[in-house]
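Okay, structure first, notes after.
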Amino acid sequence: MNGSAILIIASIIYSMCLFFVYRSKQHIDTVEHKIFSFLISLNFIGLINELLNYILVLNFKDSLITFIISKCYLWYLLTFIIIFTYYIIYISFSNRERMVKFIKNKLVNIMMGIYFICLLLVVFLPIHFCNTQGIYSYGASVNIIYVVSTICLLTGIICMFLNFKNILSKKYLPLLSFLSLGIVAMAIQKLYPSITLTTSVETFVVYMMYFTIENPDIKLIEQLNIARAKAEQANAAKTDFLSNMSHEIRTPLNAIMGFSNILLEDKKIPSSAKEEINDIVMASDNLFEIVNGILDISKIEANKLEIVNNEYDFTKLCQELISLTKGRLGEKPITLKMAIAPDIPKYLYGDSQRIKQVCINLLTNAVKYTKEGEITFQVDCIRKNDVCRLIIAVEDTGIGIKKDNINKLFNKFERLDLEENITIEGTGLGLAITKKLLDLMNGKIVVQSVYGKGSKFTVSIDQKIVEGSPKQEEVKKSKPKKITKKGRILVVDDNLINLKVAEKLLESYHLQIDSVTSGDECLKLLRSKKKYDLILLDDMMPKLSGTETLKIIRKEFQDLKTPVVMLTANALTGMKEKYLNLGFKDYLAKPIDKQELDRIIKTYL
Ligand code: ADP
């Protein structure tokens, strides 16, 4: 047995392995895969055929069976080269829209035509065998294969050069290896006719194709799809759970925060008790912050947090921030300094609520992590056309942050330097939310800190400049700030404690307040022709929800002008818009914020 036979046998084993590896996987049904799948089988048949041919020419040179097997081998070579050329044309032009139709219909027909003509020539033209100086065949039918191979290879080279930019991309590797190895194989065969390498070269080309065809593992994709569906389900369940949790926690929190704030303002309460009440207020504020923080981070992670841009008064926002921070300073020996550059436009366009949230987080941290000294709130701006880049810096003389910890600052639930901070309340969510909010608004945050001396957080964010005063502002300005008449208000809530909280909070407005515990009772009152100036309606009530109650009101009392405001602990982002779309005039979240309640009363009464 000479080298050629050994090479053929090695190629057969190799081709078989490749065949089983390829077949063991599922594949996407693309044209490339169909061609590859055909070529891999064809190559296997070709190798067997070549081996048989070798044995037959060696032992039965002039027999009929040798003639048939040799012709079959020529058929194999012709088919391989035609299909391979089609493959090269396909990968070269299938990304060009106009060519796809041509390649898939007309080109297939043209190539089939050429293929059948050549096949007839191969079958009917003569073939001769040599088994003395090497084992090979020759004659007109063999020459046809040489001619077709040359034309096809030239076509491949043209395709490659027409896609000059992609010439080095991996999809041309099979062609490049076919060209280079083919020429070497032909040269060797010319010099030493006994060494036949063609089919082995083709095996190598098929091997190259296996690695260059995009070959995603379908099983893996299926598993990934299942995993993704499960993750989406889990995420939806998490969102549901969080929204329920939020509702459940906010409902009792409304009572705790409402009553403790009312008691704190009650002049009859002795100052000794006020300290404890103050602790309740602070603890409940903290709990409220945690609930909001967890909701915010989960909303951001579920891509559900939207940036809502509006026109706003920046100066006013700064004043609110300062008064809020002053309130948080308490008894601490800290001086709060404010430096707002005079060239900052008064009115800007952006998400004022989220910018406020970012600043509150930074200012609150400065207060929390500073024992004494100074906190500076500085705002500068760089104007360019109608955009103003706000540079907001919060600097403190607090405990500072260790160098190693700076990178961990924005990780969620990461609290640093716990030996120092053990007594300071926190969740480790504030800065994670701040960073994510800034990312959403295309803003940036930088931290500078010297451990033991203090920290400086600098935020930069672009906002559009609003020339003149915004429309909303004018509307607001035109609204009366004082309640001019004695109004009648109806509060509907199934939770008795929350009803009590609402009544208490409304007491100071000296209104006539009616309260009922169900949608049915609310409808009964309206049917009895009682007139109200404002209805505060809870949503999640047994039997008849607030939303259903409003629907009935709109149907039954079409002329009713009374504004109906949603009063709910269902306070996730987007809820306000949802309720406004359902026909509610306004929205008040629980725990009730006194300022918000004030706004609603002043707007509608
Ligand atoms: P929290 O304050 O609720 O713990 P944050 O995400 O706001 O969570 O802050 C994360 C950590 O970064 C804090 O636990 C604290 O260790 C550190 N940190 C944040 N701001 C400051 C600051 N101004 N000075 C010193 N350390 C700070």
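The values are calculated or read from the model by the stated rules, or taken from the named source; none is laboratory data. Computed from a predicted model, the values in this text were never measured in an experiment. Don't worry about glycine lacking a Cβ; one is built from the backbone with ideal geometry, like all the others, and counts go over all protein chains shown.
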- Which pairs do you get when a residue that is more than 30 Å from S141 (Cβ to Cβ), found in the range 98-116, comes within reach of a residue that is at pLDDT below 90, reach meaning Cβ atoms under 7 angstrom, with the pair 6+ apart or on two chains? M99/F93; V100/S94
- Query: If K332 satisfies every condition in (1) in contact with a Ser or Thr (Cβ under 9 Å, 6 or more places away or on another chain); (2) over 24 Å from V281 (Cα atoms); (3) not acidic (D, E) but one, which is the exception?
  - Reply: (2)
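Every residue, every condition in (1) farther than 24 Å from G428 by Cα; (2) among the hydroxyl-bearing types (S, T, Y); (3) at pLDDT 90 or above; (4) under 19 Å from the mean Cα position of the chain (by Cα), yes or no:
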| site | (1), (2), (3), (4) |
| --- | --- |
| L295 | no, no, no, yes |
| K299 | no, no, no, yes |
| L317 | yes, no, yes, no |
| L321 | no, no, yes, no |
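Looking at this structure, is G426 in a loop (DSSP other than H, G, I, E, B) and either more than 11 Å from the ligand (Cβ to nearest atom) or farther than 24 Å from I294 by Cβ (or both)?
no
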- When you look at S460, is it small (G, A, S), assigned to a strand (DSSP E or B), more than 13 Å from the ligand (Cβ to nearest atom) and out of contact with any Phe, Trp or Tyr (no Cβ under 7 Å at 6 or more places or on another chain), yes or no? yes
- Query: Is there any pair linking a residue in the range 119-131 that is without any contact (Cβ under 8 Å) to a residue 40 or more places away in the chain and assigned by TED's automatic domain parsing to the domain that holds V142 to one that is part of a helix (DSSP H, G or I) and among the small types (G, A, S), with Cβ under 9 Å and at least six apart or on different chains, and which?
  - Reply: L121/A140; L121/S141; F124/S141; L125/A140; L125/S141; P126/A140; P126/S141
- In the range 1-25, the residues that are in contact with an Asp or Glu (Cβ under 8 Å, 6 or more places away or on another chain) and under 21 Å from L220 (Cβ atoms): K25
- Contacts under 6 angstrom Cβ, first residue in the range 232-251 being of a type in the set (G, A, S), partner not in a helix (DSSP H, G or I), 6 or more apart: S243/L572
- Message: Condition check: in contact (Cβ under 8 Å) with a residue 24 or more places away in the chain and either hydrophobic (A, V, I, L, M, F, W, C) or within 16 Å of the ligand (Cβ to nearest atom) (or both). Does I300 satisfy that?
- Response: yes
- Considering only the range 294-343, state which residues are in contact with a Gly (Cβ under 7 Å, 6 or more places away or on another chain), of a type outside the set (A, V, I, L, M, F, W, C) and crowded, with 16+ Cβ neighbours inside 10 Å. none
- Of the residues in the range 247-274, those that are more than 16 Å from A589 (Cα to Cα), outside any loop (DSSP other than H, G, I, E, B) and of a type in the set (D, E) come to E265
- Provide a single number: the residues in the range 139-171 that are without any contact (Cβ under 8 Å) to a residue 24 or more places away in the chain, among the hydroxyl-bearing types (S, T, Y) and within 15 Å of Y87 (Cβ to Cβ). 1
- Message: For the range 359-367, check the following and say yes or no: at least one residue is modelled with pLDDT under 95, within 9 Å of the ligand (Cβ to nearest atom), touching a Phe, Trp or Tyr at 6+ places or on another chain (Cβ under 6 Å) and of a type in the set (V, I, T).
- Response: no
- Spans of helices (runs of 4 or more DSSP H) in the range 1-118 with at least 3 residues of a type in the set (V, I, T) and in contact with a Leu (Cβ under 8 Å, 6 or more places away or on another chain): 3-23, 64-93
- For the subset of the range 172-188 comprising residues that are among the hydrophobic types (A, V, I, L, M, F, W, C) and touching a residue at least 24 places away in the same chain (Cβ under 8 Å), which member is farthest from V201 (Cα to Cα)? L173
- Message: Please go through the range 520-566 and give me each residue that is over 20 Å from E503 (Cα atoms) and in a loop (DSSP other than H, G, I, E, B), ordered by number.
- Response: S528, K529, P542, K543, L544, S545, F557, Q558, D559, L560, K561
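Quick grid of which residues meet (1) in contact (Cβ under 8 Å) with a residue 60 or more places away in the chain; (2) more than 16 Å from the ligand (Cβ to nearest atom):
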| residue | (1), (2) |
| --- | --- |
| A283 | no, no |
| F288 | yes, no |
| E306 | yes, yes |
| T315 | no, yes |
| E320 | no, yes |
| S352 | no, yes |
| Y369 | yes, no |
- Tell me, yes or no, whether the range 546-561 has at least one residue that is closer than 15 Å to N495 by Cα and not assigned by TED's automatic domain parsing to the domain that holds Q353. yes
- Please indicate, with yes or no, whether at least one residue in the range 31-54 is farther than 23 Å from L175 by Cα and without any contact (Cβ under 8 Å) to a residue 24 or more places away in the chain. yes
- Message: So C159 ticks every box in (1) surrounded by 14 or more Cβ atoms within 10 Å (Cβ to Cβ); (2) under 22 Å from L47 (Cβ atoms) but one. Which box is left unticked?
- Response: (2)
- Only one of (1) crowded, with 20+ Cβ neighbours inside 10 Å; (2) within 12 Å of the ligand (Cβ to nearest atom); (3) under 21 Å from Q463 (Cα atoms) is not met by F377, so which one is it? (2)
- Being over 13 Å from Y312 (Cβ atoms) and among the aliphatic types (A, V, I, L, M) is the filter here, so list the residues in the range 342-373 that pass it. V358, I360, L362, L363, A366, V367
- Query: Among the numbered criteria (1) touching a residue at least 60 places away in the same chain (Cβ under 8 Å); (2) hydrophobic (A, V, I, L, M, F, W, C); (3) surrounded by fewer than 18 Cβ atoms within 10 Å (Cβ to Cβ), which single criterion is violated by A227?
  - Reply: (1)
